[in-house]
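Below: one structure, written as structure tokens.
What follows is calculated from the coordinates using simple rules that are stated; it is not laboratory data. Quantities reported herein were computed from a predicted structural model and do not represent experimental measurements. Cβ: placed from backbone, ideal geometry, glycine included. Neighbour counts: every protein chain shown.
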Amino acid sequence: MTLFFYILIAIITFIAFLHAMAKKEFDISRTLVINRSKEDVYNLVRQLKKQHHWMPWFSKEYKGVLKFNGDDGKPGALLYWKKNNRLIEGTQKIVKLNQGRIMETRVLVLRPAKLICLEYKGLKELDENKTKIVWGVRGGLNFPFSVIALFQPVDKIYGDDLELGLKNLKKMLEYKHEKTEVN
């Protein structure tokens, strides 16, 4: 029994050491140029109800609940999601809009473990029909995410999703899919 106790203490100490040494914050962003006006891009990205058309987390295979509250595209608008497997649940709330330039949302993941981060999108007009968009996520890593990040880099996990989302957005806006109106 004492051997088991010492092994358990060693494992707990090792995990605590990993947590102490791990990065506790992250800031990941990706950039892409879209051949559409800044107004068209902004009008689409600020709407929570249209995110499922281009964000990889809400792809066509998404099976779960999406609920909206508030005036979409304005500060205070809220999106609640819960996957059918009940393992992932959270909210996204628009906290800041700077007309045509910046959108910030607060993302609160409730399950599998509590995580709060700031998601942002910044737009810059390069010319009349060319817009540069920066999409990023910034936040803190609580336990167990800090330990997981040592073995599975956060930049890789989120970065690939951000790139895919931007490519989906570009395709949607440039090829004017009939499923989604820009305005």
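So what is the orientation-averaged projected area of the range 73-177, using the convex hull of its C-alpha atoms, in nm²?
Value for the range 73-177: 8.1 nm².
With respect to the cross-link table entries K93/K130; K93/K121; K23/K132; K50/K82; K96/K171, which display a Cα-Cα separation exceeding 19 Å?
Working: K93/K130 28 Å; K93/K121 14 Å; K23/K132 30 Å; K50/K82 17 Å; K96/K171 26 Å.
Violating the 19 Å limit, Cα to Cα: K93/K130; K23/K132; K96/K171.
With a cut-off of at most 14 other beta carbons within 10 Å, and DSSP calling the residue loop, which trypsin sites (Lys or Arg not before Pro) in the range 81-128 qualify? Please list them. Please report the intermediate quantities before stating the final value.
Details: sites: K82, K83, R86, K93, K96, R101, R106, K114, K121, K124; in loops: R86, R101, K114.
In loop regions of the range 81-128 (DSSP not H, G, I, E or B), the sparsely surrounded trypsin sites (Lys or Arg not before Pro) are R86, R101, K114.
Looking at the chain, which longest stretch skips every one of the GluC sites (Glu not before Pro) that is in a DSSP loop with at most 14 other Cβ atoms within 10 Å, leaving the sites themselves out?
Numbers: sites that count: E61, E128, E178, E181.
Formally, the longest exposed-site-free interval is 62-127.
Charges on Cβ only, +1 for Lys and Arg, -1 for Asp and Glu, centred on the Cα centroid of the range 37-166; of V134, S37, I157, which one is farthest towards the dipole's positive end?
Final value for the positive-end residue is I157.
Output the Cα-based Rg and Dmax of the range 1-85 in Å, rounding Rg to one decimal and Dmax to a whole number.
When restricted to Cα atoms, the range 1-85 yields Rg and Dmax of 21.9, 69 Å.
In debye, nearest 20, what is the charge dipole magnitude of the chain about its Cα centre with +1 on Lys and Arg Cβ and -1 on Asp and Glu Cβ, if you could check? Write down the numbers at each step before the final one.
On the way: 32 positive and 20 negative charges, 68 e Å.
Magnitude of the dipole: close to 320 debye.
Quick check on the chain: helices-only [θ] at 222 nm, where DSSP H runs of length 4 and up contribute -39,500 (n - 2.57) each and the sum goes over total residues. Nearest 500, please.
The per-residue figure over the chain is -10000 deg cm²/dmol.
Quick check for you: which residues of the range 92-130 have the amide N under 13 Å from the point 7 Å beyond the Cα of E25 toward its beta carbon?
Within reach of a label on E25: 118.
Equivalent ellipsoid semi-axes for the chain, as square roots of 5 times the alpha carbon gyration tensor eigenvalues: give them largest first, rounded to whole Å. Write out the running numbers ahead of the final one.
Numbers: eigenvalues 267, 64, 41 Å².
Square roots of five times the eigenvalues give 37, 18, 14 Å.
With a point put 7 Å past each Cα toward its Cβ, work out how far Y80 is from D40 in nm, to one decimal.
3.6 nm
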